[in-house]
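Single-structure report; data block below.
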Amino acid sequence: MTFIRRVLRTGSTARFARHACAGAVALGLLAGSAALAAPANAAPVQPAAAASNVLNDSNRLQVQQVFDGINNFRRSKGLKPVKFYVNAAKVAQDWSTRMANTGVFEHNPYYAKDARVSGWSTAGEIIAARSDRVGQGLVDQWIKSKDHNDIMSDPDYTVVGVGIAFSDEAGGRFEMYGTANFFDYNPDRTTGVYTSPNAYYATPEPAVQSLSQCTSVAGSPAAARDLSQASIKSPADYIAADSAGKLWRYPEKDNRTLGKRVLIGSSGWQHARSTSVADWNNDGYLDIVAHWSDGKIRVYKGRATGGFSPWFSAGSIATTSTVIADRLCSNNPFPGLIVKDASGNLSLYQNLKGAAFHAAGNKFNTGWGNYTIAITDFDQDGRKDLLGAHKTTGVLKLYRTNGKGALVSEARKTVGSSGWSTAATFTDATGFGTGSANGMIVKFRNGTVRYYELPADRVAASKQIGYGFSTYNPFS
């Protein structure tokens, strides 16, 4: 298979250098490795149903190794070193992660059009993959290929972004995927440019100002849509990932039981720490909001015709936190993130546009370290409430919210006197079965799944609707 290297330059003197670049075998690359230079004109591929086959281990060592290897090579040819450009690194990282996720080894046809790196005068991309985690090995592959060598040897480039991703090696994937995006700017870029990746890592992030609690956003929650062809057809469907990474939808049935499961996700979902179903962008279709082991929050937008759009990153939350996507703000049609951190603090991270959430959270309660959280409109007043299941005493308590991102100041009512200590996950199941009954589905640590109807302000009798779910990760 042959690919074309393309060097992009702006202005009337734009030129395109074309060089044939064969696959790994014809190039004589190291066994278990592959490399490509420049983008082929193909649309990016990401199976909508796949979640992530990415192992979210730290890649800082390999990013620095690749950066050092590139500059050592440039110095050997009498060239000035390139600097590390954070925005270019974000573009490169997104693409490496996508390759590791899908197993599709190809160029990013849109890297030069990405708004994060706009304004360049020269641009180039090289990618490679290996069956080990040696960053210098990627550079060695590029040195041995004329096309990659030419890009690294171009004296015009002044900055580079490096992205490294690791896969679980499922389905023949390589262990490591690398992308390097080179750019030149006139005048030179200074913002977000560092002498090295390590210099960037050592720089404290600027503080992000918190928003006012429940900042007002115009609009109302989207009207009901026809979800008959969508992958998630009802907010009351039970969604769970098995230990092999497959994602299943268990449809609700009129008699308040779970129907025959339907596969809606092919692989990778076992790597998610916590997941929610919510209409993140308020278009009427149900999306998946997943918190991964690297801290990234990735949103998979549901499509009317089934499947999900390629994920986008909405931000990051500490890996030690529990994350639930839901609406606590009556004046905002978009759901936000309710986050319990490692210290037991509860914070709300607001979503103002259906895209990235605001990076500074609003802390609204403390002392939740020994509680499992449920979110549902328990008192049916139109505002979501919190339920706290104590992991030791087994007591279930109600924490009503005021629709403004805070808890109502009142004595906490006990709504379950015992038996809740082994509750592992709670799923809001309003409308489960016939009608619009308020309810919740609870998975217990022994693998049983029970449905609880919630008439106004109380927990009614429960019904077992599943078993054998001990190794499954249900969505909230």
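The values are calculated or read from the model by the stated rules, or taken from the named source; none is laboratory data. The model shown is predicted, which means the values in this text are computed figures rather than measured ones. With ideal geometry, Cβ positions are generated from the backbone for all residues, glycine too; neighbour counts draw on all protein chains shown.
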Single residue of segment 399-426 satisfying the filter (touching a residue at least 24 places away in the same chain (Cβ under 8 Å) and among the hydroxyl-bearing types (Ser, Thr, Tyr)) that is surrounded by the most Cβ atoms within 10 Å (Cβ to Cβ):
Thr401
Residue among Ala240, Ala304, Ala272, Ala230 that alone is farther than 17 Å from Phe469 by Cα and either outside the structural domain of Gln464 (by TED's automatic domain parsing) or surrounded by 18 or more Cβ atoms within 10 Å (Cβ to Cβ) (or both):
Ala230
Filter result for Trp142 (out of contact with any Gly (no Cβ under 8 Å at 6 or more places or on another chain), modelled with pLDDT of 95 or more, surrounded by 24 or more Cβ atoms within 10 Å (Cβ to Cβ) and not in a strand (DSSP E or B))
yes
Lone qualifier among Gly265, Gly259 - being crowded, with 16+ Cβ neighbours inside 10 Å and not hydrophobic (A, V, I, L, M, F, W, C)
Gly265
For segment 450-464, give me the residue count where each residue is of a type outside the set (A, V, I, L, M), at negative phi and in a loop (DSSP other than H, G, I, E, B).
2
Would you point out which residue out of Lys404, Lys463 is in the same structural domain as Gly259 (by TED's automatic domain parsing) and either under 22 Å from Pro335 (Cβ atoms) or modelled with pLDDT of 95 or more (or both)?
Lys404
Of all residues in segment 75-104 being at pLDDT 95 or above and assigned to a loop (DSSP other than H, G, I, E, B), which is surrounded by the fewest Cβ atoms within 10 Å (Cβ to Cβ)?
Gly78
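Does segment 143-157 contain any residue that is under 19 Å from Val86 (Cα atoms) and among the charged types (D, E, K, R)?
So far as segment 143-157 goes, yes, one or more of its residues are under 19 Å from Val86 (Cα atoms) and among the charged types (D, E, K, R).
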Determine whether Arg445 is over 28 Å from the mean Cα position of the chain (by Cα) and either buried (at least 18 other Cβ atoms within 10 Å of the Cβ) or in the same structural domain as Thr366 (by TED's automatic domain parsing) (or both).
no
Which residue pairs have Cβ atoms under 7 Å apart, sit 6 or more places apart or on different chains, and have a first residue in segment 200-226 that is free of Cβ contacts under 8 Å to residues at least 60 places away in the same chain and a second that is exposed (fewer than 10 other Cβ atoms within 10 Å of the Cβ)?
none
Can you name the condition, by its number, that Ser167 falls short on among (1) assigned by TED's automatic domain parsing to the domain that holds Arg60; (2) at pLDDT 95 or above; (3) polar (S, T, N, Q)?
(2)
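Yes/no per residue for (1) within 13 Å of the chain's Cα centre (by Cα); (2) not hydrophobic (A, V, I, L, M, F, W, C):
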residue: Ser316; (1), (2): yes, yes
residue: Gly336; (1), (2): no, yes
residue: Val339; (1), (2): no, no
residue: Asn351; (1), (2): no, yes
residue: Asn362; (1), (2): no, yes
residue: Gly367; (1), (2): no, yes
residue: Asp377; (1), (2): no, yes
residue: Gln380; (1), (2): no, yes
Filtering segment 324-369 down to residues that are surrounded by fewer than 22 Cβ atoms within 10 Å (Cβ to Cβ) and of a type in the set (Gly, Ala, Ser) yields Ser330, Ala342, Ser343, Gly344, Ser347, Gly354, Ala355, Ala356, Ala359, Ala360, Gly367, Gly369
From the list Thr366, Thr393, Thr320, exactly one residue is within 29 Å of Ser96 (Cα to Cα) and of a type in the set (Val, Ile, Thr). Which is it?
Thr320
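One line per residue, one yes/no per condition, for (1) closer than 22 Å to Ala374 by Cα; (2) out of contact with any strand residue (DSSP E or B) (no Cβ under 8 Å at 6 or more places or on another chain):
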position	(1), (2)
His291	yes, no
Gly295	yes, no
Ala314	no, no
Thr320	yes, yes
Asp326	yes, no
Scope segment 238-256; condition part of a loop (DSSP other than H, G, I, E, B) and within 22 Å of the chain's Cα centre (by Cα); matching residues
Asp242, Ser243, Ala244, Gly245, Lys246
If you go through segment 322-344 one residue at a time, do you hit one that is touching a Phe, Trp or Tyr at 6+ places or on another chain (Cβ under 7 Å), free of Cβ contacts under 8 Å to residues at least 60 places away in the same chain and within 30 Å of Glu169 (Cβ to Cβ)?
no
Please tell me if Tyr200 is of a type outside the set (Gly, Ala, Ser) and either within 30 Å of Ser347 (Cα to Cα) or surrounded by fewer than 16 Cβ atoms within 10 Å (Cβ to Cβ) (or both).
yes
Look through segment 307-323, keep the residues that are buried (at least 22 other Cβ atoms within 10 Å of the Cβ) and more than 15 Å from Ser274 (Cβ to Cβ), and return whichever of them is modelled with the highest pLDDT.
Phe308
When you scan segment 354-385, how many residues do you find that are free of Cβ contacts under 8 Å to residues at least 40 places away in the same chain and under 29 Å from Gly302 (Cβ atoms)?
2
Can you tell me which of (1) in a strand (DSSP E or B); (2) under 22 Å from the mean Cα position of the chain (by Cα) is the one Arg116 doesn't meet?
(1)
Of the conditions (1) hydrophobic (A, V, I, L, M, F, W, C); (2) touching a Phe, Trp or Tyr at 6+ places or on another chain (Cβ under 6 Å); (3) surrounded by fewer than 21 Cβ atoms within 10 Å (Cβ to Cβ), Leu396 satisfies every one except a single condition; which number is it?
(3)
